[in-house]
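Accompanying notes for the structure given below.
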Amino acid sequence: MSAEKALLFVESNTSGTGRLFARTARTMGFAPVLITARPEKYAYLADADAPEVVVVPGVDEDELHALIADRWGGAAGVAGITSSSEYFIATAAALAARFGLAGPDAASVRAARDKSWQRQVLAAGGVPCPAFRAVSSAPDAVAAAREIGFPVVLKPVDGSGSVGVRACAGEGEVQAHAAALLAPGGGNARLLVEGFVTGPEFSMEMFSGRVVGITRKHLGAPPFFVEAGHDYPASLPADVARALADSATRGTELLGLGWGPLHWELRVDATGRAVPMEVNPRLAGGFIPELVRHAQGIDLIRETLRLVVGQTPEVTPVRHRHASIRFLFPPADGRLDAVEGSDDARGIEGVVDVALYRSVGDPLVVHGDFRDRIGHVMACADGFDSASEAAERARDTVRLRVDLPAAAALEGVT
């Protein structure tokens, strides 16, 4: 395979793994190219090692096929086609197939993006599921919630990053949230209403049908489901780990998602059932691939790209440590005035990374989803507790000074 070949990314994650995918492609000897309709979304394009950027009017499969054939000669000049964005993986897979390149089954990926379809297939196959209904109006959402019983969770059927996901305790909350999600221009035509599953949350990181490991998730304050931190690999009793693996493995087979990386999110309820919240046909976000790399020496980004370009990946651990990440959040809307304690946090034993995604002077808006995270600290140690404690200590050492609006300041938010 020629080192001159391009490795094409159809859109990208806006942070985190988007940047890492492009960098990794270059270290593998390929020329990374980002094909995008909105280059302004990607701050990492300002980096010195940013990929080549090809701007297109829109992400249309036929138009991209013509572009790739004309500009690179198809497979003659392209090593692989993929995406690090969940919203464009099916399009990338379809393009790869049209050029005879490696990739997941586009139809399976496209179908699995619909969370209501996920639920139907999993429930029919005997995988534990909460009660659920797919709806397309606020009155239908209220009726479904009454039937299921409160509290319920409302979410877009094809969302990502906890955007639009909210727990609702009563009919008024369901009505208001459903109306907001379904408002014209909001991009949502259908919603999923499902029973609220209590219990700790985990994610199962899988690769081509094989369990790589289990991540312990830390969620922010309700009614939202913002992921505030992760610990990898989770320290679990054998029966809990087995229940999680059984649900994810069975679900992977049912959904036809046995190619490449897969990220399951599950909760273990009071009866010990591992109940899937959703499955994403992609690598985990939230820097979980970096936790896996630090803890086990498996570079899931590199192994994914090896699969994309037709090589044989290797996901066997080469070490057995633990890694933890904790995210930094603003207390409320405002402006970032200062960040203090970063150097002290970096000096804590076990800390391997302290990163800020915003600059002093930037406006900060609290959305109730992944966009609220404005930085992170990451730690690695031989023990589970040591890694998580180092990450939490580092998180508490970094101090964000935020200039709050007058209303927030009067309410005592600091």
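If a residue has to be aliphatic (A, V, I, L, M) and in a strand (DSSP E or B) to count, how many in the range 179-206 make the cut? Steps first, answer last, please.
Going through the range 179-206, the residues aliphatic (A, V, I, L, M) turn out to be 179-183, 189, 191-193, 197, 204, 206.
Then drop every residue that is not in a strand (DSSP E or B), which leaves 191-193, 204, 206.
So the count comes out to 5.
In the range 197-214, which residues are buried (at least 17 other Cβ atoms within 10 Å of the Cβ) and within 20 Å of Lys155 (Cβ to Cβ)?
Result: Val197, Glu201, Phe202, Ser203, Met204.
Could you check the range 142-178 and list, in sequence order, the residues that are assigned to a helix (DSSP H, G or I), surrounded by fewer than 19 Cβ atoms within 10 Å (Cβ to Cβ) and not basic (Lys, Arg)? So that I can check it myself, show each step before the final result.
Initially, the range 142-178 is screened for residues assigned to a helix (DSSP H, G or I), giving 142-148, 171-178.
With surrounded by fewer than 19 Cβ atoms within 10 Å (Cβ to Cβ) added as a condition, the list becomes 143, 146-148, 171-172, 175-176.
Scanning the range 142-178 gives Ala143, Glu147, Ile148, Glu171, Gly172, Gln175, Ala176.
For the range 351-388, how many residues meet the condition of being open to solvent by 70 Å² or more (accessible area, probe 1.4 Å) and under 18 Å from the mean Cα position of the chain (by Cα)?
Final tally of qualifying residues: 4.
Kindly state which strands (runs of 3 or more DSSP E) lie completely within the range 18-105 and contain at least 2 residues that are in contact (Cβ under 8 Å) with a residue 12 or more places away in the chain, surrounded by fewer than 17 Cβ atoms within 10 Å (Cβ to Cβ) and not polar (S, T, N, Q).
Where strands (runs of 3 or more DSSP E) fall fully within the range 18-105 and carry at least 2 residues being in contact (Cβ under 8 Å) with a residue 12 or more places away in the chain, surrounded by fewer than 17 Cβ atoms within 10 Å (Cβ to Cβ) and not polar (S, T, N, Q), they are 52-55.
Can you tell me which residue is most open to solvent (accessible area, probe 1.4 Å) among those in the range 283-302 that are over 22 Å from Arg373 (Cα atoms) and among the small types (Gly, Ala, Ser)?
My answer is Gly297.
Taking Val268 as the residue in question, decide whether it is of a type outside the set (Asp, Glu), buried (at least 19 other Cβ atoms within 10 Å of the Cβ) and touching a Ser or Thr at 6+ places or on another chain (Cβ under 6 Å).
Values: of a type outside the set (Asp, Glu): yes; buried (at least 19 other Cβ atoms within 10 Å of the Cβ): yes; touching a Ser or Thr at 6+ places or on another chain (Cβ under 6 Å): no.
Against the criterion (of a type outside the set (Asp, Glu), buried (at least 19 other Cβ atoms within 10 Å of the Cβ) and touching a Ser or Thr at 6+ places or on another chain (Cβ under 6 Å)), Val268 does not qualify.
Could you please let me know if Thr271 is hydroxyl-bearing (Ser, Thr, Tyr) and more than 30 Å from Ala102 (Cα to Cα)? Show your work before the answer.
Values: hydroxyl-bearing (Ser, Thr, Tyr): yes; more than 30 Å from Ala102 (Cα to Cα): yes.
For Thr271, the condition - hydroxyl-bearing (Ser, Thr, Tyr) and more than 30 Å from Ala102 (Cα to Cα) - is met.
Identify, from the list Val193, Val157, Val211, Val226, the residue that is touching a residue at least 60 places away in the same chain (Cβ under 8 Å) and closer than 24 Å to Gly286 by Cα. Spell out how you get there, then give the answer.
Working: Val193 fails: closer than 24 Å to Gly286 by Cα; Val157 fails: touching a residue at least 60 places away in the same chain (Cβ under 8 Å); Val211 fails: touching a residue at least 60 places away in the same chain (Cβ under 8 Å).
Val226 is the lone residue from the list that is touching a residue at least 60 places away in the same chain (Cβ under 8 Å) and closer than 24 Å to Gly286 by Cα.
For the range 225-254, how many residues are more than 30 Å from Ala124 (Cβ to Cβ) and assigned to a loop (DSSP other than H, G, I, E, B)? Working first, answer last.
Within the range 225-254, the first condition is being more than 30 Å from Ala124 (Cβ to Cβ), and the residues that meet it are 226, 228-233, 235.
Add one more test, that the residue is assigned to a loop (DSSP other than H, G, I, E, B), and what stays is 226, 233, 235.
Summing the residues that are more than 30 Å from Ala124 (Cβ to Cβ) and assigned to a loop (DSSP other than H, G, I, E, B) in the range 225-254 gives 3.
Conditions tested, residue by residue: (1) assigned to a loop (DSSP other than H, G, I, E, B); (2) in contact with a helix residue (DSSP H, G or I) (Cβ under 9 Å, 6 or more places away or on another chain); (3) within 22 Å of Gly285 (Cβ to Cβ).
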{"site": "Phe327", "(1), (2), (3)": "no, yes, yes"}
{"site": "Pro330", "(1), (2), (3)": "yes, yes, yes"}
{"site": "Leu336", "(1), (2), (3)": "no, no, no"}
{"site": "Ile348", "(1), (2), (3)": "yes, yes, no"}
{"site": "Asp353", "(1), (2), (3)": "no, yes, yes"}
{"site": "Val360", "(1), (2), (3)": "yes, no, no"}
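Out of all the residues in the range 119-137, is one or more within 17 Å of Pro276 (Cα to Cα) and touching a Phe, Trp or Tyr at 6+ places or on another chain (Cβ under 7 Å)? I'd like the intermediate steps shown before the answer.
Filtering the range 119-137 down to residues within 17 Å of Pro276 (Cα to Cα) leaves 119-134.
After this cut, where a residue has to be touching a Phe, Trp or Tyr at 6+ places or on another chain (Cβ under 7 Å) as well, the list is 119.
The answer is yes; a qualifying residue exists.
Return the pair list, or none, for Cβ contacts closer than 8 Å from residues in the range 292-319 that are within 23 Å of Ser388 (Cβ to Cβ) to residues that are assigned to a helix (DSSP H, G or I) and open to solvent by 30 Å² or more (accessible area, probe 1.4 Å), at least 6 apart or on different chains.
Pairs found: Asp299/Arg293; Leu300/Arg293.
Table: residues versus (1) out of contact with any helix residue (DSSP H, G or I) (no Cβ under 7 Å at 6 or more places or on another chain); (2) touching a residue at least 12 places away in the same chain (Cβ under 8 Å).
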{"site": "Ala123", "(1), (2)": "yes, no"}
{"site": "Pro128", "(1), (2)": "no, yes"}
{"site": "Phe150", "(1), (2)": "yes, yes"}
{"site": "Val165", "(1), (2)": "yes, yes"}
{"site": "Gly172", "(1), (2)": "yes, no"}
{"site": "Gln175", "(1), (2)": "no, yes"}
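Take the residues in the range 324-350 that are aliphatic (A, V, I, L, M) and within 23 Å of Ala234 (Cβ to Cβ), then tell me which one is surrounded by the most Cβ atoms within 10 Å (Cβ to Cβ).
We begin by selecting, within the range 324-350, every residue aliphatic (A, V, I, L, M); these are 325, 328, 332, 336, 338-339, 345, 348.
Now drop any that are not within 23 Å of Ala234 (Cβ to Cβ), which leaves 325, 328, 348.
Numbers: Ile325: 30, Leu328: 24, Ile348: 16.
For the range 324-350, the residue satisfying everything is Ile325.
Could you tell me how many of the residues in the range 389-400 are part of a strand (DSSP E or B) and surrounded by 15 or more Cβ atoms within 10 Å (Cβ to Cβ)? It would help to see each step written out before you state the result.
Pass one, the range 389-400, residues part of a strand (DSSP E or B): 399-400.
From what's left, surrounded by 15 or more Cβ atoms within 10 Å (Cβ to Cβ): 400.
Number satisfying all stated conditions: 1.
Going through the range 121-141 one residue at a time, which ones are open to solvent by 30 Å² or more (accessible area, probe 1.4 Å), of a type in the set (Gly, Ala, Ser) and over 30 Å from Thr252 (Cβ atoms)?
Ser137
The values are calculated or read from the model by the stated rules, or taken from the named source; none is laboratory data. Please read all numbers here as calculations on a predicted model, not as lab measurements. Reconstructed Cβ throughout: ideal geometry from the backbone, glycine too, with neighbour counts over all protein chains shown. Please note that ligands, DNA and RNA were not included when accessible areas were found on the heavy atoms of the full protein model with its side chains. Shrake-Rupley method; radii C 1.70, N 1.55, O 1.52, S 1.80 Å.
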